[in-house]
Amino acid sequence: MTLFAGRFFREVVRAPFEFREFVRQSYNIGNRSLLLVCVTGFILGLVFTLQSRPTLMQFGAESWMPSMVSISIVREIGPVIIALICAGRVGSGMGAELGSMRVTEQIDAMEVSGTNPFKYLVVTRITAATLMLPLLIIVGDGVALIGSAIVEYLKGDVSFVLYFNQVFNSLRFSDIIPATVKSFFFGFAIGLVGCYKGYYCSKGTVGVGEASNAAVVYSSMLLFVIDFVAVFVTDIFFEV
């Protein structure tokens, strides 16, 4: 997989650039995942606020709810949960699609005809996943905060203006920048594992299912490893 990633970095800077295929993959990854991400983010904000509110009320600290929810979602919960959702949808789709192309010898036919299948199939998908996932995470975080604000409005009689004023007063660049940077690595990991498992699929149609399943499992594991490294590095450079 390391050699596969190295080949990606070599090919991504070489002409020709498959811009139309890149746009199509960006649409498939970004736009078609948007509804799922929004629903997930909204429910995440609702549930997290409903579960946290009784505990804060015991200490008389319900006024801290907007700050706690916003920092928790933007820093950690939002990026990880949405990345896992995208790993299930995007990673499995890449593994199954490229795996079926491999077992039906479509990739071999592209190589014989003189086309660079790695450039057309792999580079465009990994690049699109790397660039689209941060946007999906930003949208999901925003929808999650809206869900949390609705709970506070209904349960605590807190206006939306007051809620979001406290949210933006509590958030800092040291919360937003590391979360955004690691989301690029999340997208790259999902695209890399999905394409790798599909591109080197074998065992016929059975291998397609195995490639799709392995893409989800390994990309999910890799997301937790990247998240741990990101939190460790952030703690060093953004230590309060």
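Computed quantities for the displayed model
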read-out	value
Crossing angle, helix 173-199 versus the chain [Cα axis fit, 0-90 degrees, rounded to tens]	30
Per-residue ³J(HN,Hα) for region 135-151, Karplus 6.51 cos²θ - 1.76 cosθ + 1.60, θ = phi - 60°, Hz, x for Gly and Pro	5, 5, 5, 4, 5, x, 4, x, 5, 4, 5, 5, x, 5, 5, 5, 4
Sequence-distant aspartates and glutamates (8 or more away, or on other chains) whose Cα lies within less than 13 Å of K155	E62
Estimated inter-spin distance, A15 and L34, nm [label 7 Å along Cα→Cβ]	3.3
Per residue value of the accessible surface for the chain (all protein chains in place, 1.4 Å probe), Å²	52
Taking the chain and dividing mean pair separation by its residue count, relative contact order in percent (alpha carbons under 8 Å, at least six apart)	34
Built amide H within the under 5 Å cut-off of T104, gap 5+	none
Peptides ranked, highest mean first, by Cβ atoms within 10 Å: ranges 184-195, 221-232, 76-87	184-195, 76-87, 221-232
Those chymotrypsin sites (Phe, Trp or Tyr not before Pro) in region 1-66 that DSSP places in a loop and that have at most 10 other beta carbons within 10 Å	F59
Gyration tensor verdict on region 157-211 (Cα atoms; rounded if a/c is under 1.5, prolate if a/b is larger than b/c, oblate otherwise)	oblate
Distance between region 133-153 and region 46-85 - C-alpha centres, whole angstrom	11
Reachable lysines, given that their alpha-carbon falls under 23 Å from the alpha-carbon of K119 and they are not under 8 places away in the same chain	K197
Pairwise label distance in nanometres, R172 with I150, each label 7 Å out on the Cα-Cβ vector	3.2
Relative contact order (%) - criterion: Cα under 8 Å, at least six apart; region: region 62-200	52
Residues I43 and D157, FRET efficiency given R0 of 25 Å [Cβ-Cβ distance, rounded to 0.05]	0.65
Acute angle (nearest 10 degrees) that the helix 92-103 long axis makes with the longest principal axis of the chain, alpha-carbon atoms	0
In Hz, Karplus ³J(HN,Hα) per residue of region 21-27 (6.51, -1.76, 1.60; θ = phi - 60°; x = Gly, Pro)	5, 4, 5, 5, 5, 5, 5
Surface accessible to a 1.4 Å probe, V90 within the full protein complex, Å²	10
In nm, spacing of pseudo-spin labels at T205 and S72 (7 Å Cα→C-beta vector)	4.7
For the chain, the longest site-free run once trypsin sites (Lys or Arg not before Pro) in DSSP loop states with at most 13 other Cβ atoms within 10 Å are removed	15-171
Residue-span extension gain [V231 to V181] - 0.36 nm each, minus C-alpha spacing	16.9 nm
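The values are calculated or read from the model by the stated rules, or taken from the named source; none is laboratory data. On a predicted model such as this, the values are computed, not experimentally measured, just so you know. We place every Cβ from the backbone using ideal geometry, glycine too, and count neighbours over all the protein chains shown. Just the protein is used for accessible areas: all its heavy atoms, side chains included, with ligands, DNA and RNA removed. Shrake-Rupley method; radii C 1.70, N 1.55, O 1.52, S 1.80 Å.
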